[in-house]
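To start, the structure under review is shown below, and the notes come after it.
Every read-out reported here was derived from the displayed coordinates using simple, explicitly stated rules and does not represent laboratory data. Note that the coordinates shown come from a computational prediction; the quantities given were computed from them, not determined experimentally. Glycine also receives a Cβ, built like all others from the backbone with ideal geometry; neighbour counts cover every protein chain displayed.
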Amino acid sequence: MRSRSNIRPAATSSPAVVDCGAAAVHPVVNGLTIDVEDYYMVSAFAELVPFKQWDSYESRVERNTYLLLELLEERNVKATFFILGWVAERCPGVVRDLQRCGHEIACHGYNHRLIYRMTPGQFREDLQRSKGILEDVTGEAVLGYRAASYSIVARTLWALDILIEEGFRYDSSIFPIHHDRYGVPGAQRFPHILERPAGKILEFPPSTYRLFGQNIPIAGGGYLRLYPMPLTLAAMRTINEREKKPFIVYLHPWEIDVEQPRLNGRMSAMLRHYINLGTTLPKLKSFLHEFKFDRLATLLHA
């Protein structure tokens with residue numbers, strides 16, 4: 001297990017030694033986001049590993065999150081960490097270290113339940129519980145939310161009103177693509193204000209590339225691992241240089257862990273989860289070298 005004493009505070013970083021910003025060639029500031037959950041918590045394996053069995057599995061989320069934290073500290077880059085309340089309960093030291101190093105702590109729900117499998121009352125309870133845990137650990141207000149598996153879809157837009165009522169300033173759950181599990185294909189591709197009956201909230205959609213009249217997901221999760229690096233870089237450059245917009249990268253700590261225990265789920269689930277795990281870290285390092293990144297909360301005020 002990685003010791004917290006090995007993580008140096010962000011305030012001690014020396015730009016003269018580590019100058020990731022100087023290496024970046026694109027002036028647009030993009031959002032780097034990390035969904036903090038373990039390998040057995042993902043929606044693809046929900047039927048194989050029910051929530052009541054989580055405690056019986058080997059936990060690797062703390063180790064992998066510290067590895068990401070060390071990389072970001074080396075590159076002097078800040079990110080937004082969307083953390084499950086269940087993880088924060090068991091690893092509060094990780095949450096505090098992320099906060100101490102200048103990263104944003106945001107909410108990913110309590111135990112990775114899909115919103116379209118909850119009632120509004122259940123969602124509010126889940127939201128209050130997870131937000132309360134994170135705020136108790138950090139002593140700071142949580143501004144951002146990302147739903148498990150981007151499960152704010154057309155039939156669950158009511159969740160935005162509950163987010164507003166519970167004090168969230170922004171959401172990053174609406175994926176403007178076609179997908180069997182999530183997506184709102186007609187949604188806007190870039191950060192924008194959503195006006196709801198309960199008020200306004202800023203939406204940070206995961207990034208897509210427009211091709212042949214379709215939105216192609218490019219910058220996170222399995223898409224990040226699946227596509228060849230030159231294709232992903234070209235799409236990111238187009239978003240920054242031609243469209244003059246920020247893109248949002250997302251990944252999970254388990255995606256840098258090629259030695260994680262293998263789960264024997266459905267073929268489609270295994271393909272989505274395990275494909276090209278060994279490419280995540282090299283690709284992330286390339287992004288950090290070429291592009292500028294920051295917390296979503298920083299972009300909120302830009």
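Summary of packing: across the peptides 157-170, 105-118, the per-residue average of other C-beta atoms within 10 Å ranks them, highest first, as 105-118, 157-170. Cβ-Cβ distance of Ser286 and Val258, R₀ of 25 Å, FRET efficiency by 1/(1 + (r/R0)^6): the value works out to about 0.90.
Applied to the range 267-272, the Karplus parametrisation 6.51 cos²θ - 1.76 cosθ + 1.60 on θ = phi - 60° returns per-residue 3J(HN,Hα) values of 4, 5, 5, 5, 4, 5 Hz, with x for Gly and Pro. Computed from the C-beta positions of Phe212 and Glu243, the FRET efficiency with R₀ = 25 Å rounds to 0.90. Normalised radius of gyration (Cα atoms, divided by 2.2 N^0.38 Å) for the range 209-302: 1.19. When the pairs Lys52/Lys78; Lys52/Lys283; Lys52/Lys200; Lys244/Lys283 are compared against a 32 Å limit on Cα-Cα distance, Lys52/Lys78; Lys52/Lys283; Lys52/Lys200 fall above it.
Between Leu67 and Ser268, the distance separating the two model label sites (each 7 Å from Cα on the Cα→Cβ line) works out to 2.9 nm. Relative to the Cα centre, the charge distribution of the range 25-300, modelled as +1 at Lys and Arg Cβ and -1 at Asp and Glu Cβ, gives a dipole magnitude of about 800 debye.
Annotation: the antiparallel percentage among DSSP beta bridges lying fully within the chain is about 30. Only helical runs count toward this figure. For the chain, summing -39,500 (n - 2.57) over DSSP H runs of n ≥ 4 and dividing by all residues gives -9500 deg cm²/dmol at 222 nm.
What separates the Cα centres of the range 103-165 and the range 235-302 is a distance of 22 Å. Once backbone amide H atoms are built at 1.01 Å from N, Ala106 has Phe81, Phe82, Ile83 as its partners under 5 Å, excluding neighbours fewer than 5 places away on the same chain.
Projecting the Cα atoms of Leu163, His192, His178 onto the dipole axis of the range 155-201, where Lys and Arg carry +1 and Asp and Glu carry -1 at the beta carbon, places His178 farthest toward the positive end. When peptides 256-263, 145-152, 122-129 are sorted by average Cβ neighbour count within 10 Å, with the highest value leading, the order is 145-152, 122-129, 256-263. Think of the chain as having a plus end and a minus end, set by charges on the Cβ of Lys, Arg, Asp and Glu; of Asn76, Leu211, Gly278, Leu211 sits farthest toward the positive end of this dipole.
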